[in-house]
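Student: Sending over a structure as structure tokens; questions will come in a sec.
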Amino acid sequence: MKTLRFILIQITFWTALGATAQVYSPQQRLDINNATLEEIEQLPVSPRLAEEIYNYLTYRGDLKSIYDLKRIKGMDQKTFIKLKPLIHVEPFRPVSTTQQRIERMYYRFDRWSGQEGINEALIDLWIENALDPINVNEAGYDQLINLQNMSPADAVAIMNYRLENGRIRNMRDLRGVPGLSYYGYANARNFVDYNPPDDKGAVPVHGHVTVRMDNTPFMADEADVNNEVNIVNNAFVAPANSYPNQYVRGRFSIDRHFKLGFSYNHYLGEPIQYYDSDNTFPKIKWFAGLENFSWNIGTANDLKLRKLYVGDYSLTFGQGVIMENTDFFTPRKSGFGFRKRFKGLSGDNSRTREFRLRGTAAEVAYGDLSAIGFVSYAPRDAILNRAAADSAGNHAFNQLIVLDQRFAYAADDAGRLPDQTDLSWLNAVNELTVGGHVQYDFLPGTWLGLTYYESAYDRLLDPQPTEIVADNNWERRQVTADSEIKQAYGGPISRGSNPFWADAKSFRRVYGFDFQTVIGNLALMGEYGELDKGGSILKLGDDPSALVLSAYLQYPGFNMLALYRNYDVAYDNPYQRSFSNYRRFKGTIYEDYYYLQSALYGQLYSNAPQPQSEEGFYLNSFYQISRQLTTRFEFDQWTRKADRASQYRLVGWLDYRPIFPLQIQLRQKWQARDEQNDISLRYFKSLEFRGRIRARLSDFNSVSLIYVKGKTLVHPRPRVFGDIVLDSEGYGAGFTHNFNTYLKLSGFFLMYKGFFWNFEDTQFIVTDSQRGAMRSWLSLYSRFNSNFSMRLKYTLNIDKPVQNVAYSPANPDPGLRYGADYVRTNQNTVYLELNYTF
């Protein structure tokens, strides 16, 4: 209740501040020359006169004295007398170009700053380019394609226009680029300039810092939100401290060539990792980089150093088949729309911890040839085998694991605790990774690239399932899907040395190629990778492989994406992040944490960033039928290769606006697995409907209503008779109110039963209540000035109460034969976010 009282006081204070800060008096006068239109409207004048005053200041300049008010059209003596004690005249204070851009795009900064998206590299790039736009006449393909909502056809259209017309002079030229979609133009204009930067004057310095803190507990979060998942795998670990989730990150740009960044990430209740034994300096991620240098070497083309980074960095090549180092799994990551991936090399200040790359990486280019080389040395969390791997007593590592909370041990696995074998999974194995990517561009947007990397480990790699599964569950409970565990990479094939590292005992080698071509408004692309298990590098298919092929077609008001993928079960590449519906180990014994030696080992599945081995075909299309009506659909048909389970997923959206302020959105999902196999325990079928009505009001305010209905049918398990039906239903209402451009209040109220997912302000949540629950949240967003903003959110979840009644006939007192417990579960969470941009 203390937390609730504190939040209510804060909300009341800031709301009152936003509502009353514009009340002017002789003691609090308005600086008229530096006032915004919203501030002028708070004066005792009509809206028409407020607009006349604002236009006069904008187009004719600032007032020299208070009597210049009389020159404004509509100003009479009576109004002038009322205004005279309420305003004062100060010289106009010029606003910097950066502040002007922040004011013009503040609503985008609002969304980006709190976005729960997992690719911070894209968010950092968008904020950086919004503060310091790139020159559209010099930008390369990678710079353009990484912009928000920019498709390959859009990027190539801009590059072809430059080749044919010399340069893009202004926004009108940009809008007229043939083949550039409206969405591509509408977003690109926020990030580009049309002239070279002015090198005269002060050195430009830009940056942003974000601080987030919350006490949101871990939730069952399987990527494709459905009723199958309800995992709680942190119940056995007592918190090491009472600190909340903390995430601090910053990125800075100096003179457009020098980049610096850092981040600190701490999850709820986990111990803090320090550099020193005195626990003074907590471990952070950091990077320093150089970008966009070139040298004339006496040939037709300059030698360019596009990027050079030391410290922590991130890499993404092609479709993510071979290399994309993030700890997080994103379902159906196609590289388009909301599933966009950052392409290339960037400094890394993300929340990634397990698959961080730390060392140095560089990108160079000469003409149409470019190359990226990288070296990384970093520790990895891993489960160690209890049985010694050699006569010296060394222990092999079984599986790399992404941990929610980085405790030194799994507290419920007595066989690995210090009083037994002392096998900590924290920083259990060191990894040296060396690799590169070489690409030749034949035309703008048309290239062929080759990728190679090799990781060496200072422990043997031996994935033995019996070292993870408890008792004899592995022999007793094996299912076909467990072949994904059986074919994990390791054993004798992984033994080997490394010429650069004497401590190396095992290795993993992956290589392949990617390509892309753009023909008009059609983009074709693909990537192929192989995991080296002794086959020939020149012969395709003799080693475990993965393949993604996709085509993207766009017209005004219409686009379609078609994607095919095929991943072998034995393609065990820890850096694979390509398109998939489910994560690795789906359907295996690792998903059922109660079969494992520690419930925490369930994170092998629940936190696995790799996709599962599957083969399938995916379609995604958007069509604007009219100005009022748009439709979109997703269809995916795939087979889980580990057990040949056939699955499909079909989702349709309808967006109708009978009049502009009113929006009606309908969404229906059909999904099934092994629908034609009545005797299979793998069978399930899920239906989900979601409808929303939203009314857009003035000043970007809105109110909305939502209704959700879901049903999942699964076949009975052993000892259970009859089909199992899981129902879910919810209905709620939300609002957004902008007091002005500096203060916004939004909230939502929901009654639900069963499984429910939703976007709450800037957070994505997954929750479940079998009895029913009430959920509500209130979020306050305040911009203290152009540079500094705050977001404060309070969430309350109240479950329906349960009353347990017990009868005790042996009790000698007849009046006390019945005992009852009344239980109601409440959950209060607070989210605080601070942002500073300059």
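Student: Rg/Rh for the stretch 407-564: what does it come to with C-alpha atoms and Rh from Kirkwood?
Tutor: Result: Rg/Rh = 1.10.
Student: Still on this structure, I have one more. Under a Cβ-only charge scheme (Lys and Arg +1, Asp and Glu -1), can you give me the dipole magnitude of the chain about the Cα centre, in debye to the nearest 20?
Tutor: Numbers: 93 positive and 92 negative charges, 569 e Å.
Computed about the Cα centre, the dipole is about 2740 debye.
Student: Take the alpha-carbon positions of the chain, form their convex hull, and give its projected area averaged over all directions (one quarter of the hull surface) in nm². Intermediate values should be presented prior to the final figure.
Tutor: Working: hull surface 182.3 nm².
Answer in nm², one decimal: 45.6.
Student: Just by accessible area at a 1.4 angstrom probe, what is the order of Glu90, Glu138, Glu454 from largest to smallest?
Tutor: Numbers: Glu90 75, Glu138 125, Glu454 25 Å².
Sorted by accessible area, descending: Glu138, Glu90, Glu454.
Student: Please calculate how many Å² of accessible area the chain carries per residue, with a 1.4 Å probe and no DNA, RNA or ligand atoms counted.
Tutor: 46
Student: Defining a contact as two alpha carbons under 8 Å apart and six or more residues distant in sequence, what relative contact order in percent does the stretch 265-389 show?
Tutor: Numbers: 209 pairs, mean separation 28.7, N = 125.
Computed value for the stretch 265-389: 23 percent relative contact order.
Student: Please get the size of the charge dipole for the stretch 239-281, origin at its Cα centre, with Cβ charges of +1 on Lys and Arg and -1 on Asp and Glu, quoted in debye to the nearest 20.
Tutor: Value, rounded to 20: 360 debye.
Student: Highest mean first, how do 147-160, 260-273 rank when packing is the count of other Cβ atoms within 10 Å averaged over residues?
Tutor: Taking the mean over residues of other Cβ atoms within 10 Å, the ranking is 147-160, 260-273.
Student: Take the solvent-accessible surface of the protein heavy atoms, probe 1.4 Å, and return the percent of it on the chain that carbon and sulfur atoms account for.
Tutor: Details: 21920 of 38590 Å².
Within the chain, the accessible surface is 57 percent carbon and sulfur.
Student: I would also like to ask the following. What does the net charge come to around Pro47 if you take all other residues with beta carbon closer than 15 Å to its beta carbon, with K and R at +1 and D and E at -1?
Tutor: Net charge around Pro47: -4.
Student: Ignoring everything but the protein chains, give the 1.4 Å probe accessible area of Met560 in square angstrom, nearest 10.
Tutor: 60
Student: Hey, if you put +1 on the Cβ of every Lys and Arg and -1 on every Asp and Glu Cβ in the chain, which of Tyr656, Pro197, Phe442 ends up farthest toward the positive end of that dipole?
Tutor: Result: Tyr656.
Student: A further question on this structure: How much net charge surrounds Leu629 when only the other residues with a Cβ under 13 Å from the Cβ of Leu629 are counted, with Lys and Arg +1 and Asp and Glu -1?
Tutor: Residues close to Leu629 contribute a combined charge of +2.
Student: Output the Cα-based Rg and Dmax of the stretch 431-518 in Å, rounding Rg to one decimal and Dmax to a whole number.
Tutor: 18.9, 59
Student: What is the distance in Å between the Cα centres of the stretch 721-750 and the stretch 462-502?
Tutor: So the separation of the two Cα centres works out to 44 Å.
Student: I want the local charge near Leu834. Using Cβ-Cβ distances under 12 Å, sum +1 for each Lys or Arg and -1 for each Asp or Glu among the other residues.
Tutor: Values: positive: Arg212, Arg249, Arg783, Arg791; negative: Glu833.
Net of charged neighbours comes to +3.
Student: Can you list which of the DSSP-assigned H helices in the chain have a Cα extent of 24 Å or more along the long axis and an average Kyte-Doolittle score of at least -1.0?
Tutor: On the way: long enough: 2-20 (27 Å, 0.95).
Qualifying helices: 2-20.
Student: Using modelled amide H (1.01 Å from N, peptide plane; none on Pro or chain starts), what sits under 5 Å from the amide H of Gly772, excluding residues fewer than 5 places away?
Tutor: Distant-sequence amide H within range of Gly772: Gly754, Lys800.
Student: Highest mean first, what order results for 728-739, 278-289 on Cβ atoms within 10 Å?
Tutor: 728-739, 278-289
The values are calculated or read from the model by the stated rules, or taken from the named source; none is laboratory data. All values derive from a computational prediction rather than experimental measurement. Quick reminder, even Gly has a Cβ in these numbers, built from the backbone with ideal geometry, and neighbours come from all protein chains shown. Just the protein is used for accessible areas: all its heavy atoms, side chains included, with ligands, DNA and RNA removed. Shrake-Rupley method; radii C 1.70, N 1.55, O 1.52, S 1.80 Å.
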